[in-house]
1. When the accessible area of region 57-148 is computed with all protein chains present and a 1.4 Å probe, what percentage of it is carbon and sulfur?
2. With a sphere of radius 12 Å drawn around the Cβ of residue 73, what net charge do the other residues whose Cβ falls strictly inside it have (Lys, Arg +1; Asp, Glu -1)?
3. With the cut-off at 1.5 for a/c, could you classify region 66-131 from its C-alpha gyration tensor as rounded, prolate or oblate?
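The values are calculated or read from the model by the stated rules, or taken from the named source; none is laboratory data. Bear in mind the structure is a predicted one, so any value in this text is a computation, not a measurement. Ideal geometry is used to build each Cβ from the backbone, glycine not excepted, and the neighbour counts take in all protein chains shown. Keep in mind that these areas ignore ligands, DNA and RNA; they rest on the heavy atoms of the full protein, side chains included. Shrake-Rupley method; radii C 1.70, N 1.55, O 1.52, S 1.80 Å.
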Amino acid sequence: MIGALVLAGCGDSDSGSDSSAAGAELSVGAAYIPQPVSDSMAAGFLTITNKGDAEDELTSVTSEAGDVTVHETVDGTMKEVDRLPIPAHGQLVFRSGGNHLMFEKLKQQLKQGQTVSVELHFAHSGPVTVKLPVKAATYQPATGHSGH
């Protein structure tokens with residue numbers, strides 16, 4: 001299992017104000033990449049949970065593995081977006097057929113058993129580094145979302 005990374009109200013340390021009491025409290029879990037069939041592209045999935053009292057936004061994702069963009073899927077159409085909201089006391093879920101990370105220009109083909117490190121950047125919280133294990137192409141997470 002993947003341990004959750006917790007980020008409790010980190011902001012600019014030189015701002016001088018204590019905004020952490022009412023800020024976002026972000027954690028990341030259920031992160032993985034299905035083994036891609038392409039040697040240059042892959043998709044990544046994870047869940048960002050916000051237990052804080054303030055909304056935040058995912059603004060970008062970076063990785064040494066290649067270029068990473070954030071995509072949302074609306075009515076079956078995928079499009080790149082600049083940011084996605086993470087509601088207070090809510091979640092931003094990346095899953096197959098929905099929101100996802102798109103890896104392009106991969107420096108090497110990803111194989112099952114490897115791990116890819118990404119850094120998530122937010123509008124208000126400090127960056128969070130997450131390791132995404134490469135799973136079998138047919139991997140289906142047991143996240144409790146089967147009730148759809």
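1. Numbers: 2460 of 5350 Å².
Of all accessible area on region 57-148, carbon and sulfur atoms account for 46 percent.
2. After counting each charged neighbour, the total is -1.
3. Details: a/c = 1.84, a/b = 1.24, b/c = 1.48.
Judged from the Cα gyration tensor, region 66-131 comes out oblate (a/c at least 1.5, b/c at or above a/b).
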